[in-house]
Amino acid sequence: MSKKSNSFRIYDKNTRTWYEVSEDQYKEYDRKRTAYRKRMQSRGECFCPRNKWWLCDCCCLDCEFHNNKGVSLDEPLPDGEGTLADYIPDNAPLIEDVLADKAELEQLIKCLQELMPEAIKIGELRLEGLSDEAIADIIGIKRTTFRSHLNKVKEKLSEEFPDWF
């Protein structure tokens, strides 16, 4: 910023000219430019010295202070044996496993609803933090009967779906 008789100016590197702007326009431009430069500096992509910040126009790829030594995962390795991306482990589950688990979970829920139709309601009440006695009162059965039903359903489901229990 250069101030001459209360004027605000922005430098355009491409045309090598100064443009006079209002104070509000300058503050908005400078706020965005500063935030972007700081982000690039924290990533190690910008090494612009403080006395050259006025040159910053947020076009890092064209800037003389831009660090061009970034590593691409698609660049071939020096020995010619693939790319860096080939050697980075992917710990994400396979889509086939996710779909299989989803299908099995849907079967488990369907079986649970057949064995105990009020199971979803019980789960919602448990998430609210209600005790077994309070849930049994809401459902309209005794607590011991309620616990007995839960244990039987859990036993049947654990036989049918051993990986889930």
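The values are calculated or read from the model by the stated rules, or taken from the named source; none is laboratory data. What you see is a predicted model; the values in this text were computed from it and never measured. FYI the Cβ positions are ideal-geometry reconstructions off the backbone, even for glycines, and counts take in every protein chain you see. Protein only, heavy atoms only, side chains kept; ligands, DNA and RNA dropped before computing areas. Shrake-Rupley method; radii C 1.70, N 1.55, O 1.52, S 1.80 Å.
The distance from the alpha carbon centre of the range 75-105 to that of the range 14-72 is 37 Å, rounded to a whole number.
What number comes out for the charge environment of residue 136, summing +1 per Lys or Arg and -1 per Asp or Glu over other residues with Cβ under 11 Å away? Counting the neighbours of residue 136, the net charge comes to -1.
Loop exposure criterion: GluC sites (Glu not before Pro), DSSP state outside H, G, I, E and B, at most 11 other Cβ atoms within 10 Å. Applied to the chain, the longest stretch between such sites is 1-63. Against the chain, whose longest principal axis comes from its Cα atoms, helix 95-115 is set at around 40 degrees. Residues whose amide H lies under 5 Å from that of residue 8, counting only those 5 or more places away or on a different chain, are 21; hydrogens are built 1.01 Å from N in the peptide plane. The structure shown yields Rg and Dmax of the Cα atoms in Å, and of the options (1) 19.0, 63; (2) 32.1, 87; (3) 19.2, 61 that calculated value carries the label (2). Per the 1.4 Å probe, what fraction of the accessible area of the range 33-165, in percent, lies on carbon and sulfur atoms? After summing per-atom areas, the C and S share lands at 53 percent.
Backbone phi angles across the range 22-34, fed through the Karplus curve with coefficients 6.51, -1.76 and 1.60 (θ = phi - 60°), yield HN-Hα couplings of 6, 4, 5, 4, 5, 4, 5, 4, 5, 4, 5, 5, 5 Hz in residue order; Gly and Pro are listed as x.
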